[in-house]
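**Q** Can you read through this structure? Questions will come right after.
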Amino acid sequence: MKRITIISFALILGLIACKKDPKEPETLDTPATIVFDGDVSKTLGTYSTYATATPTTKGTGTVSIAITYTGDVKTLSFATPTGNVTNNLGTVNVSGGSYTFSKLVKDLRGATDAPLPTSGTSGTLVLTVTATLGNGAVVKRFYTITITG
C-alpha cells in the first residue's frame, strides 16, 4: 500500500511539473471595409426626390451608392430604420469587391414614415448597410441620405 501511495504521489508531482505548450495566437479575418461612393470617409449623400431638375413625379429620383469592400463579404443588407419601423430594402449576395445600391427615393421610406420633402425643403434618413463576412461576423455602416424636394 505504501509503495502504491509513493508511486501515485510521484506521478502527480511529475504531471504538475510538466510544462504546458504555449497557446497559439488566435488569428482573426480582417474585417470588411465598406466604402461609399468610392470615398473611405464619406457617410453623407444628397439626392433629389425628383428624377429631373424640372419636377415631374415626386419620389422618382434615384439614390445610387457605389459600395466597394475588402475582405470576404458574403451578403449586404439594407434598411432604413425610422422610429419603431424598419424598412428592409433587401439583402444581396456579393462577390468581386463592389456592389451598387440603387433605389428610387420613394422606396426608401416605410409605410409609416414621414412624407417625402416638398419642393424647396429637405429631409434626411439613415441607410443602414449590414455586411455579413465569410467567417459569420457582421459589420455595419450607416449612411446619411439627404433628400431635397
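No lab work stands behind these numbers, since they all come straight from the coordinates. Keep in mind it's a predicted model, so treat the numbers as computed, not measured. As a convention, Cβ positions derive from the backbone with ideal geometry for all residues, glycine included, and neighbour counts pool all protein chains shown.
**Q** If packing is taken as the mean number of other Cβ atoms within 10 Å per residue, what is the order of 100-106, 142-148, highest first?
**A** The peptides rank, most packed first, as 142-148, 100-106.
**Q** Pull out the extension gain between T144 and T60, defined as 0.36 nm times the separation in residues minus the alpha carbon to alpha carbon distance; nm, one decimal.
**A** Between T144 and T60, full extension yields an extra 28.3 nm.
**Q** So, one more: Tabulate in residue order the Karplus-calculated ³J(HN,Hα) for the stretch 130-139, using 6.51 cos²θ - 1.76 cosθ + 1.60 with θ = phi - 60°, rounded to whole Hz; enter x for Gly and Pro.
**A** Those phi angles translate into 10, 9, 9, 7, x, 8, x, 5, 10, 10 Hz.
**Q** Could you tally the net charge around T60, taking each other residue with its Cβ under 13 Å from the Cβ of T60, Lys/Arg +1 and Asp/Glu -1?
**A** Computed value for this residue: +2.
**Q** Exposure proxy check: I65, I4 ranked by fewest other beta carbons within 10 Å?
**A** By the 10 Å Cβ count, ascending, the order reads I4, I65.
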